[in-house]
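A quick write-up on the structure given underneath.
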Amino acid sequence: MRKLGNQVVWISPGLPRFGNPISGEVEARITDQLRARGVKVHEGTEIADAVDVDGKNYEVLTAGAERSGAS
């Protein structure tokens, strides 16, 4: 999506609900790589709502009341 010029937002709730599928060190490396590629990362929150802005773009509201536009 980033290669196509789209804004990408990754929402990471923090602790996994069903065990930890990857170690903290691996998760940190992946998160760093995402950020290096221009992905916005919001950690420790969850998606509260996603609103279709215009049929192509969405605005995401997190449980922490952060707003992020993604296309």
Next item on the list: Select from region 22-44 the residues that are touching a strand residue (DSSP E or B) at 6+ places or on another chain (Cβ under 8 Å) and closer than 22 Å to N6 by Cα and list them in ascending order.
Entry: T31, L34, R35, V39, K40, V41, H42, E43
Check: How many residues does region 45-60 hold that are open to solvent by less than 70 Å² (accessible area, probe 1.4 Å), in a strand (DSSP E or B) and in contact (Cβ under 8 Å) with a residue 12 or more places away in the chain?
Finding: 2
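The values are calculated or read from the model by the stated rules, or taken from the named source; none is laboratory data. What you are looking at is a predicted structure, and each value in this text was computed from that prediction instead of being measured. Quick reminder, even Gly has a Cβ in these numbers, built from the backbone with ideal geometry, and neighbours come from all protein chains shown. Remember, those area values only see protein heavy atoms, side chains included, never the ligands or the DNA or RNA. Shrake-Rupley method; radii C 1.70, N 1.55, O 1.52, S 1.80 Å.
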